[in-house]
Amino acid sequence: MEMTLRWFGSKFDTVTLKQIRQIPGVTGVITTLYDTVPGDIWSSESIRELKAEVEEAGLKIAGIESVNIHESIKIGSNDRDIYIDNYIKTLENLGKEGIKLVCYNFMPVFDWTRTELDRVRSDGSTVLAYNQETIDSINPEEMFNHISNHTNGTVIPGWEPYRMEKIKDLFEMYKDVDEERLFENLKYFLEKIMPVCNKYDINMAIHPDDPAWSVFGLPRIIINKKNILRMLNMVDDRHNGITFCSGSYGTNLENDMPDMIRALKGRVHFAHVRNLKFNSKDDFEEAAHLSSDGSFDMYEIMKALYDIDFTGPIRPDHGRMIWDEVAMPGYGLYDRALGATYLNGLWEAIKKGDKYEAK
Ligand code: DNO
């Protein structure tokens, strides 16, 4: 595996490439052109500029998160082919610059959903949290305004202003899209993009729906082992793969994550590894990465990735806000650096343990 950190570009991120470079064992960043909107064609020039900036800092671009999908593709509207063609052009431009990993998601309207961005934990750190009752009692627009007031002045991924511009129309457009239709639309999209992925050897890594169930009545499909296998088999190409995100699949306690990882060998192209602490089935918060701070056995998750010979990029995920840092919630420097170091430690121990066992 290759340890990375997510970075949103010098215009948007409070964390610098220099700081990232100084985290032991982090060799690359996962980044994006954050000022594009879904449907845009990413120009070769802007990709090259981004790449040069990252490389000048002694790092590499290990992958793109995300090239977001235009809603017309998810809905399956008449104009979807225009946006698929644009997506293909973007992939082509990324491929020409040697980029081999693209993370995306197929969640209608929203991306990941949390109800709080700054829940205070007993140690004084603040974290992102989810409470089902809050979701059930709030409408999506209120939710958006609520989230926007707690971002420490940053534009947070998944809650970019463009998402809210057409929210009412979008809910209307999704009214006939159920899970089956969403699967069909995903298949249509994947079949169209696989040729360019094959040509440039680009791994597509779909991100799970977070949380792993329907939110605000919208359909969600990338939620469990059964659905992932269906998605992988319906377009059976090794470039059609997944992002294994423990913080997303783990929202559903019925998902046995080490078992899922083992079942997906060869198709896990990217990993987001973090912990969650459940207070009840309907309320969880994003703990530190350390197993004992949350509800997951992080050793078992890393061991499963090791066992499937995972060689792709991995990144610590949302961190807590600690040590008075003011940054994008979930994406500060300090706790993610601790997370990367912890995950690197687990990996080293697993690898060495494996060697001793073999002797
Ligand atoms: C949240 C992220 C998601 C993720 C997208 C991938 O912090 O994990 O926004 O980047 O779903 O397309």
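Within the range 101-125, can you find the residues that are among the hydrophobic types (A, V, I, L, M, F, W, C), closer than 21 Å to S148 by Cα and at pLDDT 95 or above? First the steps, then the outcome.
Here is the first cut: in the range 101-125, the residues among the hydrophobic types (A, V, I, L, M, F, W, C) are 101-103, 106-107, 109-110, 112, 117, 120.
Filter once more, so that each one left must be closer than 21 Å to S148 by Cα: 107, 109-110, 112, 117, 120.
Answer for the range 101-125, where residues must be among the hydrophobic types (A, V, I, L, M, F, W, C), closer than 21 Å to S148 by Cα and at pLDDT 95 or above: M107, L117, V120.
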Could you please find all residues in the range 114-155 being touching a helix residue (DSSP H, G or I) at 6+ places or on another chain (Cβ under 7 Å) and surrounded by 18 or more Cβ atoms within 10 Å (Cβ to Cβ)?
-> T115, L117, P140
Do you know which residues across the range 217-237 are under 20 Å from the mean Cα position of the chain (by Cα) and in a loop (DSSP other than H, G, I, E, B)?
-> L218, P219, R220, I221, I222, I223, N224
Can you name the residue in the range 197-216 that is in contact with a strand residue (DSSP E or B) (Cβ under 9 Å, 6 or more places away or on another chain) and in a loop (DSSP other than H, G, I, E, B) and is also farthest from the ligand (Cβ to nearest atom) among such residues?
-> I202
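When the residues of the range 26-41 are narrowed to those that are among the aliphatic types (A, V, I, L, M) and assigned to a loop (DSSP other than H, G, I, E, B), which ends up surrounded by the most Cβ atoms within 10 Å (Cβ to Cβ)? Let's see the steps before the verdict.
From the range 26-41, those among the aliphatic types (A, V, I, L, M) are 26, 29-30, 33, 37, 41; that's our starting set.
Of the ones still in play, those that are also assigned to a loop (DSSP other than H, G, I, E, B) are 26, 33, 37, 41.
On the way: V26: 23, L33: 16, V37: 12, I41: 14.
Filtering first and then ranking leaves V26.
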Return the pairs, sorted by first residue and then second, in which the second residue is surrounded by fewer than 20 Cβ atoms within 10 Å (Cβ to Cβ), the first residue lies in the range 42-62 and is part of a helix (DSSP H, G or I), the beta carbons are less than 6 Å apart, and the residues are 6+ apart or on different chains.
-> S44/N93; S46/L33; I47/N93; I47/E97; K51/E97
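Could you check, for the range 164-182, whether at least one of its residues is within 16 Å of the ligand (Cβ to nearest atom) and either in contact with an Asp or Glu (Cβ under 6 Å, 6 or more places away or on another chain) or not hydrophobic (A, V, I, L, M, F, W, C) (or both)?
Within the range 164-182, none of the residues are within 16 Å of the ligand (Cβ to nearest atom) and either in contact with an Asp or Glu (Cβ under 6 Å, 6 or more places away or on another chain) or not hydrophobic (A, V, I, L, M, F, W, C) (or both).
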Name the residues in the range 217-245 that are among the aliphatic types (A, V, I, L, M) and more than 16 Å from the ligand (Cβ to nearest atom), would you?
-> L229, L232, M234, V235
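Does G98 satisfy the condition of being at pLDDT 95 or above, more than 16 Å from the ligand (Cβ to nearest atom), in a loop (DSSP other than H, G, I, E, B) and on the phi > 0 side of the Ramachandran plot? Quick ask: steps written out before the conclusion?
Numbers: at pLDDT 95 or above: yes; more than 16 Å from the ligand (Cβ to nearest atom): yes; in a loop (DSSP other than H, G, I, E, B): yes; on the phi > 0 side of the Ramachandran plot: yes.
So G98 passes the test.
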Only one of (1) in a loop (DSSP other than H, G, I, E, B); (2) touching a Phe, Trp or Tyr at 6+ places or on another chain (Cβ under 8 Å) fails for S72. Which number is that?
-> (1)
For the range 1-25, enumerate the residues that are under 21 Å from the mean Cα position of the chain (by Cα), polar (S, T, N, Q) and surrounded by 15 or more Cβ atoms within 10 Å (Cβ to Cβ).
-> T4, T14
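The values are calculated or read from the model by the stated rules, or taken from the named source; none is laboratory data. Worth saying up front: this structure is predicted, and the values here are computed from it rather than measured. Counting neighbours? That spans all protein chains shown, and the Cβs are built from the backbone with ideal geometry, glycine included.
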